[in-house]
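To start, the structure under review is shown below, and the notes come after it.
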Amino acid sequence: MMEESSTGALVPAVKSELPSMSISGAASLDPRAETGGNAAGVPAELDKDFLCPICMQMIKDAFLTACGHSFCYMCIITHLRNKNDCPCCALYLTTKQLFPNFLLDKLLKKTCASQISKTASPVEHFRQSLQQGCEVSIKELEVLLALLADKKRKMEQEEAERNMQILLDFLSVLRKQKVDELNEVQTDLQFIKDDISSVERHRMDLYRARDRYSLKLRAVGDDSSARKSWPSLIEQNTSGPVSSSFNLRGVMSSGNHQIKKADGWGQINSSGLQRKDSVSGSDSQYANSSGLAVVRKKRVHAQFKDLQECYLQKRRQLANRLNNSQERDKNAILRDGYNAGLANFQSVLSTFTRYSRLRVIAELRHGDLFHSANIVSSIEFDRDDELFATAGVSRRIKVFDFSTVVNEPAELHCPVVEMSTRSKLSCLSWNKFVKNHIASSDYEGIVTVWDVNTRQSVMEYEEHEKRAWSVDFSRTEPSRLVSGSDDCKVKVWCTQQEDSVINIDMKANICCVKYNPGSSNYVAVGSADHQIHYYDLRNISQPLHVFSGHKKTVSYVKFLSNTELASASTDSTLQLWDVKENKPIRTFKGHTNEKNFVGLSVNSEYIACGSETNEVFVYHKEISNPVTWHRFGSPDLDDVEDDGASYFISAVCWKRDSPTMLTANSQGTIKVLVLAA
């Protein structure tokens, strides 16, 4: 055992395949000794005489010692610089006792020459023969030259054929690639041509409709002006003397006629002014609309590449679906020449260019005098978007009335409900069926269901062993909720039971969980292993699919629809996934997120997230770059750079199907923002 272990501790297993050998056996390590002997017919036993005992290689510049041993000159000189003895017999030795070994040098040269000649090519043999003075006749040289010329021509032809074949293969592949690209470009051009014709046709229809509408308005205006002018004309024609007697009544009557006459002219003039005002108003309206169109065009040009990819993707997808005869009827043309793909892109284009900034419509402070920790970890709207709740490290759940916050400006809004907890809170989730129920997860791993009306807990679940980061109520099953924790467990709870009904063990910390809005059977789980695990709760032995693409921890997952899932990560990116086709759709970049939970919220069109630069970013789901962003400012700090470095956005939440959102930062400031043109 000791012998085997010591052998195994030495180098390569290749050595175990060699026969046991002494110094003489080391000669086989030299490639020049593979033949088992030297080329001059010297037996293999004498090979050791050709090896330097120091470097174990063929001796170069052989020198003989006084004790009769031969070494390489550089090997023995180097040795004698350190020790004055012979490496073989240990006798005293100095450099003065070294002598050139001419005989061994001559023998080594012959041996090397023999080995080279043995392994040399015929051409090399012929060259050596000529150099050594071998006599060759002119006729023999001519024959050799002819053979060499033929061989050269044949080799050149073969080389040329190989090169031509390689070039032909390359050009064939390139041609196929370019033909495919050309076909794709031609198809895209045909799409664009058809869509331009369709859009021009519909634009002319809109122009005609607008002209008809303008004519109707003008006709209505002319009729009203004519009606107003008729009384004055009648009064002017009948303003002559009616009777020869001028009594008081007549004077009053005449006065009334004059007043009506003046009023008639006033009405005509006012009508004329109104028409002028209407014209000038239309001009100003046209100017405003023209300015807005210019602004929207600039937004299009700024994101032209992404919009181009979006358009072509939608048109190609529609064309691929229409190639299926069964789909042809389902995807019928919406209008004359106006297909679904173009209509879909027009919707994207209009929603993308509609907004360019985030406007603050309300602001409130979440902190209070008794709690210095103000980070808002979660902010959520209730079922009807009438109330919103906040929670964080202050160990309090605060519920505010949204309309009061927006319509009644105040520096410090009081919550309508406030509930205290034992631990710091990480996440909130409203029940979408029972309006007064809200769930929370905290740093002790406790998941609690609260009744907002009574301000009391309805259920408390304490099975998690570490901090619970996320909790979510099912949108289709009001009694079900799911939670994820640092204990690497996903647990599904039922509000009618005290224990968890489903338990999923995973290998990494769980940072976020989310039910699919279309079914309580599907749950998305984001974890510290950089992946999103999509589970069918009816079979939890393994996930339906694992989405990989993030480079760091997945901190949030949110569903835009039944098939679209957005995820956020501390790699400063967002990802959009198709959970039906199990494939990535798009990556969003622009914000900064490397270590904190900065919030993620989605609606049907837009994705909002926070940034560690104290900014809120908004993305359109079809465009990789942000649509707009808003920077939080600190009223207590004058230096904007210091403010951005000190605080970060900690929570965001869209108001359902609305351009309005709630945002909060680590300072405890909550803002109500709305997308604006």
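Where a Cα-Cα gap under 22 Å defines reach, which lysines qualify for Lys106, not counting those fewer than 8 residues away within the same chain?
Here the lysines satisfying the reach criterion relative to Lys106 are Lys48, Lys60, Lys118.
Report the FRET efficiency, 1/(1 + (r/R0)^6), for Asp205 and Ser290, where r is their Cβ-Cβ distance and R0 is 30 Å, rounded to 0.05.
On the way: r = 21 Å, r/R0 = 0.70.
Once rounded, the FRET efficiency stands at 0.90.
Round to a whole number: what % of the accessible area of the stretch 446-490 belongs to carbon and sulfur, probe 1.4 Å?
Here it works out to 36 percent.
Each residue of the stretch 346-357 in turn: what ³J(HN,Hα) in whole Hz from Karplus with 6.51, -1.76, 1.60 and θ = phi - 60°, glycine and Pro shown as x?
4, 5, 4, 5, 5, 6, 5, 8, 5, 10, 9, 7
Using the 2.2 N^0.38 Å rule of thumb for compact globular proteins, work out how the stretch 49-119 stacks up: its C-alpha Rg over that value, please.
On the way: Rg = 12.8 Å, N = 71, 2.2 N^0.38 = 11.1 Å.
Normalised by 2.2 N^0.38 Å, the Cα Rg of the stretch 49-119 equals 1.15.
How large is the accessible surface of Phe126 in square angstrom, using a 1.4 angstrom probe and rounding to the nearest 10?
Number for this one is 80 Å².
One quarter of the convex hull surface, Cα atoms only: what value does that give for the stretch 372-596 in nm²?
Working: hull surface 50.3 nm².
Averaging across all directions leaves 12.6 nm² for the Cα convex hull.
Taking 0.36 nm per residue of separation and subtracting the Cα-Cα distance, what length does fully extending Glu309 through Met164 add?
Working: separation 145, 0.36 × 145 = 52.20 nm, distance 3.85 nm.
Taking Glu309 through Met164 to full extension adds about 48.4 nm, to one decimal.
At a Förster radius of 56 Å, what calculated FRET efficiency corresponds to the Cβ-Cβ distance of Val143 and Lys178, to the nearest 0.05? Before the final figure, lay out each step's value.
Numbers: r = 52 Å, r/R0 = 0.92.
Efficiency for this residue pair is about 0.60.
Could you give each residue of the stretch 557-568 its phi-based ³J(HN,Hα) in whole Hz, using Karplus coefficients 6.51, -1.76, 1.60 with θ = phi - 60°, and x for Gly or Pro?
My calculation for the stretch 557-568 gives 9, 9, 9, 7, 8, 5, 10, 10, 10, 9, 9, 10 Hz in order.
Quote to one decimal, in nm, the extra length available between Arg357 and Lys580 on full extension: 0.36 nm per residue of separation minus the C-alpha distance between them. Please report the intermediate quantities before stating the final value.
Numbers: separation 223, 0.36 × 223 = 80.28 nm, distance 3.33 nm.
In short, 77.0 nm is gained.
Sorted by average packing, counted as other Cβ atoms within 10 angstrom per residue and highest first, what order do 148-158, 346-356, 87-97 take? Intermediate values should be presented prior to the final figure.
On the way: 148-158: 10.1, 346-356: 17.0, 87-97: 13.0.
For the peptides 148-158, 346-356, 87-97, the packing ranking is 346-356, 87-97, 148-158.
Given a cut-off of 27 Å, name the pairs among Lys110/Lys154; Lys154/Lys176; Lys398/Lys552; Lys314/Lys432; Lys435/Lys655 whose C-alpha atoms lie farther apart than that in the structure shown. Please report the intermediate quantities before stating the final value.
Values: Lys110/Lys154 37 Å; Lys154/Lys176 33 Å; Lys398/Lys552 32 Å; Lys314/Lys432 33 Å; Lys435/Lys655 16 Å.
Correct reply: Lys110/Lys154; Lys154/Lys176; Lys398/Lys552; Lys314/Lys432.
Extension gain Glu498-Ser561, at 0.36 nm per residue separation less the Cα-Cα distance, in nm? Don't jump to the answer; show the numbers that get you there.
On the way: separation 63, 0.36 × 63 = 22.68 nm, distance 3.11 nm.
Full-extension gain reported as 19.6 nm.
Towards the positive end of the charge dipole of the stretch 534-677, with charges on Cβ (+1 Lys, Arg; -1 Asp, Glu), say which of Thr587, Ser561, Ser601 has the farthest Cα.
The Cα lying farthest towards the positive end belongs to Ser561.
Step through the residues of the stretch 648-654 one at a time and calculate ³J(HN,Hα) from phi using the Karplus curve (6.51 cos²θ - 1.76 cosθ + 1.60, θ = phi - 60°), rounding each to whole Hz and writing x for Gly and Pro.
Result, ordered by residue: 9, 6, 10, 7, 9, 7, 6 Hz.
Whole number in Å², please: accessible area per residue of the stretch 372-596, 1.4 Å probe, ligands, DNA and RNA not counted.
Working: 9430 Å² over 225 residues.
With all protein chains present, the stretch 372-596 gives 42 Å² per residue.
Dipole of the stretch 49-119, Cα-centred, from +1 at each Lys and Arg C-beta and -1 at each Asp and Glu C-beta, to the nearest 20 debye? Kindly include the intermediate steps, with their values, before the conclusion.
Details: 8 positive and 4 negative charges, 35 e Å.
With only Lys, Arg, Asp and Glu charged at Cβ, the dipole is about 180 debye.
The values are calculated or read from the model by the stated rules, or taken from the named source; none is laboratory data. Treat the numbers as computed from the prediction; the structure is a model and nothing was measured. As a convention, Cβ positions derive from the backbone with ideal geometry for all residues, glycine included, and neighbour counts pool all protein chains shown. Heads up: the accessible areas ignore ligands, DNA and RNA and are worked out on the full protein's heavy atoms, side chains in. Shrake-Rupley method; radii C 1.70, N 1.55, O 1.52, S 1.80 Å.
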